[in-house]
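The values are calculated or read from the model by the stated rules, or taken from the named source; none is laboratory data. Note that the structure is a prediction, hence the values are computed from the model and not measured. Cβ sites come from the backbone with ideal geometry, for glycine too, and all protein chains shown count toward neighbours. When the accessible area is computed, the model is the full protein with side chains, heavy atoms only, and any ligands, DNA or RNA have been set aside. Shrake-Rupley method; radii C 1.70, N 1.55, O 1.52, S 1.80 Å.
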Amino acid sequence: MDGYEGLEGEKVLNLSRLNLDNLDLEHVGEERKRDTQQLLLVYNRFIMLPGSICHFSNLVFLDISCNRLAFICEDILRLSKLKTLVAKNNRLDEFSLPKDFGTMSLEVVNFSGNRFEEFPSEFLNLQRLQSLSLGGNRLKTIPAEIEHLTSLELLYLGGNSITSIPPELANLPYLSYLVLCDNRIQSIPPQLAQMRSLRSLSLHNNLLTYLPREILSLFQLQELSLRGNPLVVRFVKDMTYDPPSLLELAGRTVKSRNLPYKREDLPGNLVRYLDLASKCPNPKCGGVYFDSCVRHIKFVDFCGKYRLPLMHYLCSPECSSPCSSNPQSDADSEDESRVPAHRMQKVLLG
């Protein structure tokens with residue numbers, strides 16, 4: 001045992017900064033191997049996770065960050081009690097993991113600062129995973145299957161090249177902290193409003209020009225970071241509108257005037273089309289739309305802290321927007337052309 005000067009405490013074995021490229025346990029007694037619950041191998045020269053790691057049968061925490069790690073051997077699967085695996089700042093990618101990695105009982109995984117270009121499919125089978133960090137990799141997408149990680153509470157994906165957020169992310173019932181900063185995300189799916197446990201949402205340094213109005217439903221949200229996005233005044237006036245087709249005009253008439261019809265009166269495709277009608281959010285309008293609508297962005301107050309640009313869809317350019325986050329919103333939301341710059345900064349710097 002005396003050969004390892006990094007030893008700290010009865011349950012912690014610290015072998016960091018020893019310039020190791022293999023794990024020689026000749027001087028580690030059997031009792032010591034059995035009692036070790038935390039093993040620190042940070043700042044060494046490991047290229048592969050050494051197979052001798054399996055001799056620490058009661059290991060709960062393993063940190064092998066800041067090495068040259070390119071592969072994780074199958075021997076890690078023998079660590080049945082391992083709960084936390086930290087392997088930051090290595091050379092790992094989607095081909096580095098054993099195929100049965102998803103059978104482990106891991107609760108915390110931190111593989112930030114590696115070379116993953118695709119989300120590791122093995123991670124999607126970690127049913128007990130509560131915290132997952134893959135920041136500073138090369139990810140471009142988030143798989144829809146992430147909804148399988150139903151125990152997840154923290155998801156850190158900052159510093160990648162992600163362009164979109166899958167709506168399935170909203171199916172994670174316990175997710176409280178979502179970090180998607182420093183990516184290339186252009187829009188937020190409205191389904192995220194279903195995340196009732198979400199307390200912190202980091203979206204700074206992306207390509208967002210607006211937020212869906214549904215985000216106002218995130219009542220548990222305590223932290224919202226939007227700085228470094230192109231949320232600027234010029235987008236308030238951005239309205240696009242394609243004139244409705246004759247089919248849509250007819251459908252609007254049927255739905256807005258509540259004209260009676262039976263399924264046997266119309267072809268099946270027309271019945272299905274009429275069922276797709278969306279109600280205009282303006283309560284003074286009462287109209288509907290199908291494919292043709294106006295994309296309208298309006299800044300509204302949110303929780304008394306931010307002025308958020310929210311996207312909502314209107315049935316026509318003549319229809320004014322009713323979007324409000326509180327009963328006084330109409331009075332507070334002055335004409336967008338007169339919104340002072342310091343009010344916009346609440347969005348940019350929030």
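Is it the case, given these coordinates, that G159 is in contact with a strand residue (DSSP E or B) (Cβ under 6 Å, 6 or more places away or on another chain) and crowded, with 16+ Cβ neighbours inside 10 Å? No: the conditions fail for G159. Here Y43 fulfils each of the conditions (1) farther than 18 Å from N14 by Cβ; (2) open to solvent by 70 Å² or more (accessible area, probe 1.4 Å) apart from (1). Screening V288 on (1) at pLDDT 85 or above; (2) closer than 17 Å to E318 by Cβ; (3) open to solvent by 30 Å² or more (accessible area, probe 1.4 Å) shows it passes everything except condition (3).
Conditions (1) closer than 20 Å to L139 by Cβ; (2) part of a helix (DSSP H, G or I), marked per residue:
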position	(1), (2)
L175	yes, no
C181	yes, no
R184	yes, no
S187	yes, no
Q191	no, yes
L201	yes, no
N205	yes, no
Q220	no, no
L231	no, no
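Of all residues in the stretch 75-104, those that are more than 19 Å from L23 (Cα to Cα) and of a type in the set (A, V, I, L, M) have Cβ atoms under 7 Å from Cβ atoms of residues that are assigned to a helix (DSSP H, G or I) and open to solvent by less than 50 Å² (accessible area, probe 1.4 Å), 6 or more apart or on another chain, in L97/E122. Taking (1) open to solvent by 50 Å² or more (accessible area, probe 1.4 Å); (2) of a type outside the set (D, E); (3) touching a Cys at 6+ places or on another chain (Cβ under 9 Å) in turn, K81 satisfies each apart from (3). Restricting attention to the stretch 53-75, the residues that are closer than 21 Å to L134 by Cα and in contact with a strand residue (DSSP E or B) (Cβ under 8 Å, 6 or more places away or on another chain) total 11.
Within the stretch 240-261, residues that are in contact (Cβ under 8 Å) with a residue 24 or more places away in the chain have Cβ atoms under 9 Å from residues that are among the acidic types (D, E) and surrounded by 12 or more Cβ atoms within 10 Å (Cβ to Cβ) in these pairs: D242/D291; P244/D291; S245/D291; L247/D291; E248/D291, counting only partners at least 6 apart in sequence or on another chain. State whether one or more residues within the stretch 236-243 are modelled with pLDDT of 85 or more and assigned to a loop (DSSP other than H, G, I, E, B). Looking through the stretch 236-243, none of the residues is modelled with pLDDT of 85 or more and assigned to a loop (DSSP other than H, G, I, E, B).
Does L25 meet the test of being open to solvent by less than 70 Å² (accessible area, probe 1.4 Å), in contact (Cβ under 8 Å) with a residue 12 or more places away in the chain, among the hydrophobic types (A, V, I, L, M, F, W, C) and in a strand (DSSP E or B)? Can you show your working first?
Numbers: open to solvent by less than 70 Å² (accessible area, probe 1.4 Å): yes; in contact (Cβ under 8 Å) with a residue 12 or more places away in the chain: yes; among the hydrophobic types (A, V, I, L, M, F, W, C): yes; in a strand (DSSP E or B): no.
Against the criterion (open to solvent by less than 70 Å² (accessible area, probe 1.4 Å), in contact (Cβ under 8 Å) with a residue 12 or more places away in the chain, among the hydrophobic types (A, V, I, L, M, F, W, C) and in a strand (DSSP E or B)), L25 does not qualify.
Output yes when any residue across the stretch 54-66 is among the charged types (D, E, K, R), in a loop (DSSP other than H, G, I, E, B) and open to solvent by 20 Å² or more (accessible area, probe 1.4 Å), and no when none is. Break it down into steps so the answer makes sense when it comes.
Taking the stretch 54-66 and keeping what is among the charged types (D, E, K, R), we get 63.
Retained after the next criterion (residues that are in a loop (DSSP other than H, G, I, E, B)): none.
No, the stretch 54-66 contains no residue that is among the charged types (D, E, K, R), in a loop (DSSP other than H, G, I, E, B) and open to solvent by 20 Å² or more (accessible area, probe 1.4 Å).
Of all residues in the stretch 112-134, those that are under 20 Å from E147 (Cβ atoms), in contact with a strand residue (DSSP E or B) (Cβ under 8 Å, 6 or more places away or on another chain) and open to solvent by less than 50 Å² (accessible area, probe 1.4 Å) total 7.
Here R196 meets the list (1) at pLDDT 85 or above; (2) assigned to a strand (DSSP E or B); (3) open to solvent by 60 Å² or more (accessible area, probe 1.4 Å) almost entirely, failing just condition (2). In the condition set (1) in a helix (DSSP H, G or I); (2) open to solvent by 40 Å² or more (accessible area, probe 1.4 Å), I146 is compliant with all but (2). Residues in the stretch 164-217 that are of a type in the set (S, T, Y), closer than 21 Å to P230 by Cα and touching a Pro at 6+ places or on another chain (Cβ under 7 Å): T209, Y210.
Just checking, which of L82, L106, L69 is in a loop (DSSP other than H, G, I, E, B), within 18 Å of L155 (Cβ to Cβ) and either hydrophobic (A, V, I, L, M, F, W, C) or more than 26 Å from the chain's Cα centre (by Cα) (or both)? Please lay out each step first, then the result.
Numbers: L82 fails: within 18 Å of L155 (Cβ to Cβ); L69 fails: within 18 Å of L155 (Cβ to Cβ).
Just one listed residue meets the conditions, L106.
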